[in-house]
Amino acid sequence: MAPSDASDTPTAIGNETDSKGRLLTSDGRPLRAALQRANRRRKLTALGLVAPLLAFILIFFAYPIVQMMWRSVDNPAVVEALPRTLAALEEWDGNDLPGEEVYRALYEDMLADEELPRAEQKMGPLAVRLNYEISAARSAIVRTARNVDEMEAPYKEAFLDAHRLWNDPTIWRIIEREGRPLTASYYVAAVDREYNAEGEIVQAPENRQIYVALFGRTFMMSVVITFMTFALGFPIAYYLSTLPMSKANLLMIAVLLPFWTSLLVRTSAWIVLLQGQGVINDMLVALGVIDDENRLTMIYNQTGTIIAMTHILLPFMVLPLYSVMKTIPPSYTRAAKSLGATPWTAFRRVYFPQTLPGIAAGGVLVFIISIGYYITPALVGGQDGRMISNEIARHIQSSLNWGLAAALGTMLLVSVLILYWLFNKLVGTDSLKFG
Amino acid sequence: MSASDKRDGFVVFDKVQKSYDGETLVVKDLNLSVAKGEFLTMLGPSGSGKTTCLMMLAGFETATNGEILLDGKPINSVPPHKRGIGMVFQNYALFPHMSVGENLSFPLEVRGMAKSDREVKIKRALDMVQMGNFINRRPAQLSGGQQQRIALARALVFEPELVLMDEPLGALDKQLREHMQFEITRLAHELGITTVYVTHDQTEALTMSDNVAVFDDGRIQQLDPPDKLYEEPRNSFVAQFIGENNTLDGVVKEITGDECVVQLDSGDLIDAQPVNVSKVGERTRVSIRPERVEANKERLKEGAHTIKAQVLEFIYMGDVFRTRLKVAGNENFIMKTRNAPDQVRHKPGDMIEIGWLPKDCRALDHD
Ligand SMILES: Nc1ncnc2c1ncn2[C@@H]1O[C@H](COP(=O)(O)OP(=O)(O)O)[C@@H](O)[C@H]1O
Ligand SMILES: [Mg+2]
């Protein structure tokens, strides 16, 4: 073809461009727009598919978590109940008792509250809230509020007569400190600290330090449980992976049995087995391993929790391990042996490293589940087998200190996230194989 | 093969039997001797027991009966890692969590070799397979052919005297496979190692081996060098399995020395060489290679029997012509002729006469 002909030759279809040099489709629309249109449909379909689950998670998972985190710092009681008192306290030097105008403001707050309909009264929540900070606060507020309409000026004396707490600058410091819509005091309590008379954060007295130790114990027990599930699960997963499919499925049922048994049945079984007069102790005594007087306590303590949780969480270790081992062909170990490695070396240097993604996945699953486990420790844990979740549940159900429960829960959540992040840094989640 | 030189082989299978389930024998009475430096190929259809034999030799399966000797010593009770046999697996079995260098270093490390010595050997082995630049790659970052080379280098790096390969080229495309066939044979001969190679691909077996053992049904059907195997198959199975083959069924009419006349089921008489037949009246299946079928009378022996054939199809393949004929009722009778200037190009429907030299037409067993 002569060079002069070249300009007359039409460009091939699909390579046409418009005036701005954008690629066009064969019927002349801009290629990019056409592609977007083609993709929009796909995106809409995808959105439609995930929308129900997304909505479900937002409503029943994300929203409660945000709520919980909010509750751990939310502090409406004082602000709502004592607006005048808080305004008056701004002038206070914070050392001695406040002056008359503060007591008058408190009187007015209480009187105003009296006139509200019962459901809207704020003194009850205030009493509960302040009682978290100082234990006499509930009776002081309830008793004073009951008789506030009979009070007369000077109010300072009247209050000092009504309850001895009003004579203590501490209560005023607490009111001033907690007279803000957000508080850190739940977190302060959750790490076994408290405010001293000067308003500084200090270590709580020894007999009230429980949470840090409990976090430590929860962490330690989770490590032990994770290790136990690994030690028990690795060999069985290996054995399962070497079996033909039909047999492996049958045995897998045995591994999955904990999933299918009712919690109460399972727990009663543990009690029957593990208690002082239980099957295991009886057997050990009968075999002469232990004396009748020295029966082992294996339930209602840490041992009980660890045994029962290891059993329950075993499948979470076995399943990822099995699915990883299933994909490792036996030829790797054979190759290692043919290259001169002893069976142990072949296992250690060739087989084991390839199971690491499974171990990591199983370990993360078991650890994260056990660190927040509640029901088993509650049933068979006794006093020293309790975990942090049991304390959270106690604050929600019986002590009704939801703020503290929320603070503990948030700390638990954050520590799990930090661990996961650390794990991701060290191992990398892309190497995880969950099943 | 006499009893004495049987034991002389470098690798010897002596009356070896193998059963996995106690009911059926996968390997039945295997006798085989491989000389030092020999390249022996086990060829056979899938399921004929080749891998099982190799696994017994490597030590991953135990022989149910019989003895396997390596360099004159029985190895039935020697564990695999003490046999010092290099092995290339079909899926290569390169350790995915180790780099190429670490893979090659592994057999040397477990032998307690010093680091400096290891480096020298690894480098030499990689250069041998032209993969010197890939020492830091992971197996997953290599193509199939490259993985194949590394697997080969790893099996050779600790300088074994015997190397086993189980369908090592099965996963490669045709061109790469042909190239690797050449590379493997070159290396095996250069290094003077004894090789036992397993394949189900007959071209591979013919082009690479010093000797080929054709397996079927747990037995060696024939053990011979490639040319002998192709030209002188000892039974119908081998004739059928190796290369392209035309068969005609009939009855032996006459036997005179190393020639016989066979009357085909259609009534036609043809010349053949008796291989598996001994007496007149016996049923036989004669086998003729397509390239030995002759349509040009001048090239046949004086007075040779010829047979009528009808051309069904003429396929032009460039270097050769492939003519499908109907001969004595067999509609898949192939004749291959070289594309020479004077060669006749038959048309479908033509009636021609074909024949062959008696030694190219082998009267074999009829099963
Ligand atoms: N591990 C095993 N267990 C039971 N049967 C097997 C096993 N390995 C191979 N077989 C059987 O032995 C026969 C020969 O198999 P194999 O040696 O792999 O043949 P090839 O390598 O020639 O294809 C087949 O029928 C196969 O099903
Ligand atoms: Mg095989």
### Task
Identify, from the list A:LEU408, A:LEU404, A:LEU413, A:LEU426, the residue that is over 26 Å from A:ARG193 (Cβ atoms) and in the same structural domain as A:LEU321 (by TED's automatic domain parsing).
A:LEU426
### Message
Looking at segment B:238-262 only, could you name the residues that are part of a loop (DSSP other than H, G, I, E, B) and in contact (Cβ under 8 Å) with a residue 12 or more places away in the chain?
### Response
B:ILE242, B:GLY243, B:GLU244, B:ASN245, B:ASP258
### In segment B:293-309, the residues that are of a type outside the set (A, V, I, L, M) and surrounded by fewer than 16 Cβ atoms within 10 Å (Cβ to Cβ)
B:ASN296, B:LYS297, B:GLU298, B:ARG299, B:LYS301, B:GLU302, B:GLY303, B:LYS308
### Message
Pull out all pairs, ordered by first then second residue, where Cβ-Cβ is under 9 Å, the residues are six or more apart or on different chains, the first lies in segment B:23-41 and is in the same structural domain as B:PHE13 (by TED's automatic domain parsing) and away from ligand 1 (no atom under 16 Å from the Cβ), and the second is part of a loop (DSSP other than H, G, I, E, B) and of a type in the set (Phe, Trp, Tyr).
### Response
B:SER33/B:PHE10; B:VAL34/B:PHE10; B:ALA35/B:PHE10; B:LYS36/B:PHE10; B:GLY37/B:PHE10; B:GLU38/B:PHE10
### Query
Would segment A:226-241 turn up any residue that is in a loop (DSSP other than H, G, I, E, B), within 21 Å of the chain's Cα centre (by Cα) and in contact (Cβ under 8 Å) with a residue 12 or more places away in the chain?
no
### Query
Checking B:TYR92 against (1) farther than 28 Å from B:GLN146 by Cα; (2) at the interface with chain A (Cβ under 9 Å from one of its Cβ atoms); (3) in contact (Cβ under 8 Å) with a residue 24 or more places away in the chain, which test does it fail?
(1)
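Got a sec? Which helices (runs of 4 or more DSSP H) wholly within segment B:118-237 have at least 3 residues that are closer than 20 Å to B:VAL11 by Cα and away from ligand 1 (no atom under 16 Å from the Cβ)?
Ranges flagged: B:174-191.
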### Query
What single numbered condition from (1) outside any loop (DSSP other than H, G, I, E, B); (2) within 14 Å of ligand 1 (Cβ to nearest atom); (3) within 29 Å of B:ARG186 (Cβ to Cβ) fails to hold for B:GLN90?
(1)
### Summary
Considering residues that are farther than 15 Å from B:VAL212 by Cα, touching an Asp or Glu at 6+ places or on another chain (Cβ under 8 Å) and in contact (Cβ under 8 Å) with a residue 40 or more places away in the chain, the number found within segment B:52-66 is 1
### Query
When segment A:371-398 is examined, which residues are found to be assigned to a loop (DSSP other than H, G, I, E, B) and in contact (Cβ under 8 Å) with a residue 24 or more places away in the chain?
A:GLY372, A:TYR373, A:GLY381, A:GLY382, A:GLN383, A:ASP384, A:GLY385, A:ARG386, A:MET387
### Summary
Of the residues in segment B:206-230, those that are in contact (Cβ under 8 Å) with a residue 12 or more places away in the chain, out of contact with any strand residue (DSSP E or B) (no Cβ under 7 Å at 6 or more places or on another chain), surrounded by fewer than 17 Cβ atoms within 10 Å (Cβ to Cβ) and not polar (S, T, N, Q) come to B:ASP217
### Task
Scan segment A:123-135 and give yes if some residue there is surrounded by 14 or more Cβ atoms within 10 Å (Cβ to Cβ) and in contact with a His (Cβ under 8 Å, 6 or more places away or on another chain), otherwise no.
no
### Task
Would you mention how many residues in segment A:337-364 are in a helix (DSSP H, G or I), facing chain B (nearest Cβ under 7 Å) and not basic (Lys, Arg)?
5
## Note on the structure
In segment B:45-56, residues that are within 14 Å of another protein chain (Cβ to nearest Cβ) and more than 6 Å from ligand 1 (Cβ to nearest atom) total 3
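In this structure, does A:ILE368 turn out to be within 14 Å of another protein chain (Cβ to nearest Cβ) and touching a residue at least 24 places away in the same chain (Cβ under 8 Å)?
no
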### Message
Restricting to segment B:100-117, give me the number of residues that are in a loop (DSSP other than H, G, I, E, B) and more than 13 Å from chain A (Cβ to nearest Cβ).
### Response
1
### Query
List the pairs whose first member sits in segment B:293-321 and is in a loop (DSSP other than H, G, I, E, B), whose second member is small (Gly, Ala, Ser), and whose Cβ atoms are under 7 Å apart, counting only residues at least 6 apart or on separate chains?
B:LEU300/B:GLY355; B:ALA304/B:GLY355; B:HIS305/B:GLY355; B:THR306/B:GLY355
#### Entry: Selection within segment B:57-89 - more than 13 Å from chain A (Cβ to nearest Cβ) and within 13 Å of ligand 2 (Cβ to nearest atom)
none
### Summary
Taking segment A:313-336 and keeping only residues that are within 14 Å of another protein chain (Cβ to nearest Cβ), of a type outside the set (A, V, I, L, M) and not in a loop (DSSP other than H, G, I, E, B), one is left with A:SER331, A:TYR332, A:THR333, A:ARG334
#### Entry: Matching residues in segment A:278-331 - criterion: being under 23 Å from the mean Cα position of the chain (by Cα) and of a type in the set (A, V, I, L, M, F, W, C)
A:ILE306, A:ILE307, A:ALA308, A:MET309, A:ILE312, A:LEU313, A:LEU314, A:PHE316, A:MET317
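The values are calculated or read from the model by the stated rules, or taken from the named source; none is laboratory data. The shown structure was predicted, so the numbers you read here are calculated from the model rather than taken from an experiment. Heads up, the Cβs are rebuilt from the backbone with ideal geometry, glycines too, and the neighbour counts pull from every protein chain shown.
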